[in-house]
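**Student:** For reference, the structure I am asking about is given below.
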Amino acid sequence: MKKIIVTDKAPGAIGPYSQAVEVGSLLFCSGQIPLDPGTGKLVEGGVEEQAEQALKNVKGLLEGAGYSLDDVIKITVFARSMNDFATVNEIYGKYFSHDCPARSFVEVSGLPRGALVEIEAIASK
């Protein structure tokens with residue numbers, strides 16, 4: 001049975017989708033772009049600031065559903081440029097430094113609201 005997750009610890013959905021869906025012991029988090037949860041606006045700055053905010057949003061979404069970063073088993077990073085790999089990886093390492101989840105890093109031609117990065121997660125308890 002699926003449970004729709006709604007939390008104010010991450011930006012609300014900006015379209016016809018759920019912030020996250022829990023099925024059994026799995027949590028499927030929608031991609032998080034670097035929106036400030038309080039204002040709903042894209043954070044200012046470059047890819048470093050945007051990666052930081054996107055990861056904060058992932059963390060908030062997990063916590064709002066009763067999970068933690070330690071429960072994450074798979075991350076997908078979507079970036080506007082593969083040239084940002086090292087910068088995003090450095091920020092990512094602050095959140096995942098041991099027993100890291102599996103990860104994909106994919107360059108895309110565009111992201112919602114002109115974001116430079118979007119991060120989605122799957123977690124398991």
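Every read-out reported here was derived from the displayed coordinates using simple, explicitly stated rules and does not represent laboratory data. Because the structure is predicted, anything quoted here is derived from the model rather than measured. Glycine also receives a Cβ, built like all others from the backbone with ideal geometry; neighbour counts cover every protein chain displayed.
**Student:** List the chymotrypsin sites (Phe, Trp or Tyr not before Pro) in region 1-98 that DSSP assigns to loop (not H, G, I, E or B) and whose Cβ has at most 16 other Cβ atoms within 10 Å. Which are they?
**Tutor:** Answer by residue number: 17, 96.
**Student:** Could you pull out every one of the aspartates and glutamates with an alpha carbon less than 12 Å from that of residue 74, ignoring same-chain neighbours closer than 8 positions?
**Tutor:** 99, 120
**Student:** Let me ask something else. How far is the Cα center of region 85-107 from the Cα center of region 4-34, in Å?
**Tutor:** First find each Cα centre; the distance between them is then 20 Å.
**Student:** Pull up the cross-link candidates among the aspartates and glutamates for residue 9, meaning alpha carbon to alpha carbon under 12 Å and not fewer than 8 places away within one chain.
**Tutor:** Correct list for residue 9: 36, 63.
**Student:** Normalised by the residues of region 2-124, what does the relative contact order come to in percent, with Cα pairs under 8 Å and at least six apart?
**Tutor:** Relative contact order comes out at 32 percent.
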